[in-house]
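Reviewing the structure listed below.
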Amino acid sequence: MHLRGDRNVSPTPRSDLLFPAEPTQRALARELYALAKDQPIISPHGHVDPLILADDAPFPDPARLIIVPDHYVTRMLLSQGVPPADLGVPTVDGRPVETDGRTIWRRFAAHWHLFRGTPSRLWLERTFTEVFGVGTALSPETADEVYDAIAARLAEPEFRPRALFERFNIEVLATTESPLDDLGRHAKLAADGWGGPGGRVITTFRPDNVVDMEFEGWADNVARLGEITGTDTGTYRGYLAALRHRRQAFIAAGATSSDHGHPTALTLALSEAEATALFERGLRGTADAADAEAFRAHMLLEFARMSIEDGLVMQLHPGSVRNHNRWLYETHGRDVGGDIPQATEYLHALTPLLDAYGNDPRLRVVVYTLDEYTFTRELAPLAGGYAALYLGAPWWFLDSPEVLRRFRESVTETAGFYNTAGFVDDTRAFCSIPVRHDVARRIDAGFLARLVAEDRLPLSEAAETIVDLAYRLPKKIFKIGERL
C-alpha cells in the first residue's frame, strides 16, 4: 500500500523534526534550536565502555555495535519471542549464542516494525542517517544493503571511536565504574591526553556493588575493596575509610560525580553503633531485606558527608526493580533489559538527608526518577526549596520526546529551569549520543518557543536559556572542568 508521503528512504535530517506544528511556534523553535544545535555535548552520566576510546580500535560489525549491547532493542524483540541468544547477547554460563553479525542484523530487520513510534526507532534512524550517512530505509528486504553500507563506514579511519568523538562535538564524556575497577582504561586515556582531571573522558564513582547487601557477592566485594585500598574492611570504620580512599583515586582519574542506583530514595541517619551492627550482619550473611534497605539509606547520608568533604556531585537514580525478569538475569546476567520501573516516593524518603545537608551549598545532589508522576507533586517543589537539590533529566524508560516535553511542562512552574541539571544520555550506545542530545535540544526549543509565543518569556531570554540548558547548566552543575 502506498500513501501520499510514503518514502523509500530513511528520514533525512529535517530542520523541523519534533518542533511544534503551529507555524509561529515552529518558526521560533527553529530560531532557538539554531543557537543550541552546535553547542558542545556535555555527557555527565553514561555507560560507554572506556575501553572503546582507550584502545581506539575500529568498531566491530554493525550488529555488535548497534544491536548486541542495546537492551532497548533486545528487550523489545524478547517481548515478541526472540531470545537474546539469537541476537548475540552473551550467556552467563557460556552457552552458545549467535555470532554471525549479518544473521543477527537480518533478525533485527525482520522485526523492525516492532519499533514504530518508539524513541528507539527515532534514535536508530537518526544514527543511520546522521552518523553513517545511510539513507536506505531499513526493512527485511534492505537489511543486507544497510548492513553493508554501515560496515563499509566502520572500515574507514573517520569512523574510529576517537574520530567520531571529535565529530560528535563531545566536550566531556563521563563513564561509570565500580570502586573495584582498577581504572586502568582511564589511566591509558590520561596517558594519551584524553583523560584525567579536566580530560575529555572521565570516570564516575558508582559504589552500588559494595553498598547494596543484596548485590550478588557483596561481602566478597567488600573484602576486595579492602585488598585494593590496604584497609581492614572487616570493620565499619575501615569500610568507610576504604570508600574515601577510592573516591580520591576516582577524583585523580577525573571524576566529578558519584552515582547511586538504589531501589528507593530512602535516606536514614543512623548512629555509628546502628550502622556497625547492620554492616556486621551483612558480612555474616544474616542481614535481611529490611537491613539491606536501611544500610543503603544510611550510606546515602555517609556519601553526602563525603561529597561535602571532597566535592563530588551526588547522582541518585532510584526506582528500578532490578532483574525483574529472573530468566533473563539467570541466563544473560545484569543490565540486559530485565529491569522494571516502580512507583517511588521522595518527599519523606529524602527528608533525613535534606534535614542534615539540604541547605548546604557545598553539596549538590542530582535526583532522577522513573516515576514521572512525582515531577509536579514532589521533585519540582523539593528542588525549588533546597540549595543542594537539582532535578536530573528523564532517563531510561522516560527518555522520550513525549516525557522530555512533559518534564519541562511539569517542573518549570515550580523549580524553574535553573534547578534542573541538563540532559544526560545514560547510554552504552556510543553512536547514539549526538542523536539523543539533539532530540533533547529540539524539545527544549519547542517548549521555549511556546513560552515566547504566549508572551511569557522574551525571545532574548529564551535564547540565553536554551544555551544554558544544552551546555552551560550541565557543565556547571556537574563541575565539568573544575578542580575538586
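Filtering the stretch 421-430 for residues that are in contact with a His (Cβ under 6 Å, 6 or more places away or on another chain) and open to solvent by less than 10 Å² (accessible area, probe 1.4 Å) leaves a non-empty set.
If you filter the stretch 81-108 down to residues that are surrounded by fewer than 19 Cβ atoms within 10 Å (Cβ to Cβ) and among the small types (Gly, Ala, Ser), you find that the one that is modelled with the lowest pLDDT is Gly94. Considered as a group, the residues in the stretch 17-31 that are outside any helix (DSSP H, G or I) and touching a helix residue (DSSP H, G or I) at 6+ places or on another chain (Cβ under 9 Å) include one that is most open to solvent (accessible area, probe 1.4 Å), and that residue is Glu22.
With respect to the stated conditions, Pro69 is modelled with pLDDT under 95, open to solvent by less than 80 Å² (accessible area, probe 1.4 Å), closer than 23 Å to Trp395 by Cα and outside any helix (DSSP H, G or I).
Figure legend. Inter-residue proximity from the stretch 216-231: first residues free of Cβ contacts under 8 Å to residues at least 24 places away in the same chain, second residues buried (at least 20 other Cβ atoms within 10 Å of the Cβ) and in a loop (DSSP other than H, G, I, E, B), beta-carbon distance below 6 Å, spacing 6+ or different chains. Indicated pairs: Gly226/Thr233.
Any residue at all in the stretch 408-419 that's in contact (Cβ under 8 Å) with a residue 60 or more places away in the chain, surrounded by fewer than 24 Cβ atoms within 10 Å (Cβ to Cβ) and assigned to a helix (DSSP H, G or I)? So that I can check it myself, show each step before the final result.
Taking the stretch 408-419 and keeping what is in contact (Cβ under 8 Å) with a residue 60 or more places away in the chain, we get none.
Checking the stretch 408-419: not a single residue is in contact (Cβ under 8 Å) with a residue 60 or more places away in the chain, surrounded by fewer than 24 Cβ atoms within 10 Å (Cβ to Cβ) and assigned to a helix (DSSP H, G or I).
The residues of the stretch 183-223 that are in contact with a Ser or Thr (Cβ under 9 Å, 6 or more places away or on another chain), assigned to a helix (DSSP H, G or I) and surrounded by fewer than 17 Cβ atoms within 10 Å (Cβ to Cβ) amount to a single one, Ala223.
Of the residues in the stretch 311-338, how many are hydroxyl-bearing (Ser, Thr, Tyr) and in contact with a strand residue (DSSP E or B) (Cβ under 8 Å, 6 or more places away or on another chain)?
Residues of the stretch 311-338 hydroxyl-bearing (Ser, Thr, Tyr): 320, 329, 331.
With the extra rule that they be in contact with a strand residue (DSSP E or B) (Cβ under 8 Å, 6 or more places away or on another chain), the set shrinks to 320.
The qualifying residues number 1.
In summary, Tyr386 fulfils each of the numbered conditions (1) part of a loop (DSSP other than H, G, I, E, B); (2) aromatic (Phe, Trp, Tyr); (3) open to solvent by 40 Å² or more (accessible area, probe 1.4 Å); (4) touching a residue at least 40 places away in the same chain (Cβ under 8 Å) with the single exception of condition (4).
For the structure I just gave you, tell me whether Arg436 is surrounded by fewer than 22 Cβ atoms within 10 Å (Cβ to Cβ), under 19 Å from the mean Cα position of the chain (by Cα) and farther than 15 Å from Leu350 by Cα.
Details: surrounded by fewer than 22 Cβ atoms within 10 Å (Cβ to Cβ): no; under 19 Å from the mean Cα position of the chain (by Cα): yes; farther than 15 Å from Leu350 by Cα: yes.
The answer is no for Arg436.
In the stretch 132-150, the condition of being of a type in the set (Asp, Glu) and assigned to a loop (DSSP other than H, G, I, E, B) is met by at least one residue.
The values are calculated or read from the model by the stated rules, or taken from the named source; none is laboratory data. Since we're looking at a predicted model, the values are computed, not measured. Cβ coordinates were reconstructed from backbone atoms using ideal geometry, including for glycine residues, and neighbour counts include every protein chain displayed. Areas reflect the complete protein model, heavy atoms only, side chains present, ligands, DNA and RNA absent. Shrake-Rupley method; radii C 1.70, N 1.55, O 1.52, S 1.80 Å.
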